[in-house]
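Reviewing the structure listed below.
The values are calculated or read from the model by the stated rules, or taken from the named source; none is laboratory data. Owing to the predicted nature of the structure, the values given are computational and were not obtained by experimental measurement. In this analysis, Cβ positions are derived from the backbone assuming ideal geometry, glycine residues included, and neighbour counts consider all displayed protein chains. SASA here: full protein model, heavy atoms, side chains in, ligands and nucleic acids out. Shrake-Rupley method; radii C 1.70, N 1.55, O 1.52, S 1.80 Å.
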Amino acid sequence: MNCEIEQVGGALVVKLSGEIDQHCAEELRSDIDRQLDIKHSASLIIDLGGVDFMDSSGLGLIMGRYRKMKARGGKILLARPTPAVDKLLELSGINKLVGRERTK
Amino acid sequence: MRNYMKLEIPSKSLNEAFARAAVGAFAAQADPTVEELADIKTSVSEAVTNSIIHGYRDTVGVIYIECEARVGKTCVIEIIVRDEGVGIPDVERAMEPLFTTAPDEERSGMGFTVMQSFMDTLDVISEKGKGTTVKMSKKINAGISDDGY
């Protein structure tokens, strides 16, 4: 799992690649939360374009960030999920809660 | 044609990726589509993760994985993931979508729902203190014919 984080305007953009499972979810969670707290970002964009595997540990990670952003009045958007990841997002209902970033 | 494999791994989270990759490689002989293979790997990851974080929560135990492939006009992959951990006191409740025993740890509570949705059959046998066995199977429609071609 690789995670690149950068602040673009008011948004924290998290670009993930590789596989997301329970083994790496905790580290990802603390990396993202640390940057959200430092940068006070108004929104969080998680780019899933490079994620070639994700299980429900990834759903837990996204739901947790959704709750965190909602609690501080911010929003979260997901970008570029692969069909396999999107199938999981659809099953969980996350797609109804979290917006989709339209990427170029 | 029937084929099988057995695998034993310690319940370390590092082994989640290995377990799903090994089962995925085994299932490849049935010539699954990309989606079917992803469904199998995701379901194995869920079952193995459950054994690690719930079955053997405060300890390291052994996770046993068995796979059988029946490859013919209709191909079926059967997978058993078994642990000798604490077991599940109420299987029916544990299988409800969004049910989790560890909400503070940001578990989604979707593990069994994912397995149910992504596989064709799912059977969970468990009892408090007696470990958990997850049996699941998936039909692979793109398999080779009975004569091996």
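Name the shape class, rounded, prolate or oblate, that the alpha-carbon gyration tensor gives for chain A, where a ≥ b ≥ c are the square roots of its eigenvalues, rounded holds for a/c under 1.5, and otherwise prolate holds if a/b is larger than b/c and oblate otherwise.
The shape class here is rounded.
Number of Lys-Lys pairs in chain A with C-alpha atoms under 16 Å apart and a separation of 8 or more places or on different chains: 6. If you count Lys pairs in chain B whose Cα atoms are under 23 Å apart, skipping same-chain pairs closer than 8 places in sequence, the total is 16. The magnitude of the dipole of segment A:30-104, with charges of +1 and -1 set on the Cβ of Lys/Arg and Asp/Glu and taken from the Cα centre, is near 420 debye.
When the charge dipole of the protein assembly as shown is built from unit charges on Cβ atoms (+1 for Lys and Arg, -1 for Asp and Glu) and taken about the Cα centre, the candidate among A:LEU91, A:ALA79, B:SER45 whose Cα reaches farthest toward its positive end is A:ALA79. The A and B chains share an interface that buries close to 1700 Å² of accessible area, total over both sides, probe 1.4 Å.
Under the criterion of Cα pairs below 8 Å and six or more residues apart, the relative contact order for segment A:22-80 equals 49 percent. When the other protein chains are added to the chain by itself, burial of at least 50 square angstrom of heavy-atom accessible area (probe 1.4 Å, ligands and nucleic acids ignored) affects these residues of segment B:71-118: B:GLU106, B:SER108, B:MET110, B:PHE118.
Where only DSSP H runs of four or more residues are counted, chain B gives -8500 deg cm²/dmol as its mean residue ellipticity at 222 nm, each run worth -39500 (n - 2.57). For a test of the definition: using alpha carbon positions, the gyration tensor, and the 1.5 limit on a/c, classify chain B as rounded, prolate or oblate. Note, shape of chain B comes out prolate. Taking all protein chains as shown and a probe of 1.4 angstrom, B:ASP90 keeps an accessible surface of around 80 Å².
The residue among B:GLY87, B:LEU122, B:PHE99 whose Cα reaches farthest toward the positive pole of the charge dipole of segment B:41-142, with charges on the beta-carbon of Lys, Arg, Asp and Glu, is B:LEU122. Peptide A:80-91 has a mean of 3 when you count, residue by residue, the C-beta atoms of other protein chains within 10 Å of its C-beta. Among B:ASP123, B:ASP39, the sequence by solvent-accessible area, most first, with a 1.4 Å probe is B:ASP123, B:ASP39. For segment A:1-100, the solvent-accessible area with a 1.4 angstrom probe is 44 square angstrom per residue. Counting only protein heavy atoms and a 1.4 Å probe, chain B has 50 square angstrom of accessible area per residue. Measuring from label point to label point, each 7 Å out along Cα→Cβ, what is the A:SER30 to A:ASN2 span in nm? Result: 2.3 nm between the two label points.
Each Cα pair under 8 Å and six or more residues apart adds its separation to the average, and for chain B the resulting relative contact order is 29 percent.
Centroid-to-centroid, using Cα positions, segment A:23-79 and segment B:19-96 are 27 Å apart.
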